[in-house]
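Worksheet: one structure, shown below.
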Amino acid sequence: MFTTVIALGLITFVSLDPESPVVALLGGTTSLLLLAVFAAVNLSVLVLRKDQSAVKHFNAGRVLPVLGTITCLYLVLPWSSGRPAGQYQIAGVLLAIGLVLWLVTWAARRRESAGG
């Protein structure tokens, strides 16, 4: 529900003033966060390669996840990407909100399991 409310608010804001510089910052922030997620996914592939499994499954090579991680991190880091500082500020606020929501969920589930 929370993400839907945020999405509707952003859609409304962008609709009211599509020429606003904030619109470009939001687009860049989306790109920034997606690149960070892709870096995390590529890194996860490398970590999961070490898990042994009795079941035959797909095994990714090592070269592409390493290149993917390095490339995505290069495009995310402020000194190599040339992104405006506002994109990092917006991303930081969104990540902080996500962390707070995760902590609230974690505390609520912990309370439920302790009480029940």
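The values are calculated or read from the model by the stated rules, or taken from the named source; none is laboratory data. In this text, all values refer to a predicted model and were calculated from it rather than measured experimentally. A quick note on method: Cβ atoms are made from the backbone with ideal geometry, for glycine too, and the neighbour counts reach across all protein chains shown. With ligands, DNA and RNA removed, areas are computed over all heavy atoms of the protein, side chains included. Shrake-Rupley method; radii C 1.70, N 1.55, O 1.52, S 1.80 Å.
Structure notes:
- Label positions at Leu33 and Asp17, each projected 7 Å from the Cα along the C-beta direction, are separated by 2.1 nm.
- Using a probe of 1.4 Å on the protein chains alone, the accessible area found for Phe38 is around 110 Å².
- Using the Cβ-Cβ distance between Leu46 and Leu77 with R0 set to 22 Å, the FRET efficiency from 1/(1 + (r/R0)^6) comes to roughly 0.70.
- The computed Kirkwood radius over Cα pairs in Å for the structure shown corresponds, within (i) 17.3; (ii) 14.3; (iii) 13.9, to (i).
- Relative to the Cα centre, the charge distribution of the chain, modelled as +1 at Lys and Arg Cβ and -1 at Asp and Glu Cβ, gives a dipole magnitude of about 600 debye.
- Cβ crowding within 10 Å averaged over residues, with 40-51, 103-114 ranked highest first: 40-51, 103-114
- Carbon plus sulfur fraction of accessible area for the stretch 49-104, probe 1.4 Å, in percent: 72
- Calculated FRET value between Ile6 and Ala54, using beta carbons and R₀ = 25 Å, to 0.05: 0.05
- Taking packing as the residue-averaged number of other Cβ atoms within 10 angstrom, the listed peptides 88-101, 66-79 run from highest to lowest as 66-79, 88-101.
- Contact order normalised by residue count of the stretch 1-110, Cα under 8 Å, 6+ apart, percent: 31
- On a per residue basis, the chain carries 77 Å² of accessible surface, using protein heavy atoms and a 1.4 Å probe.
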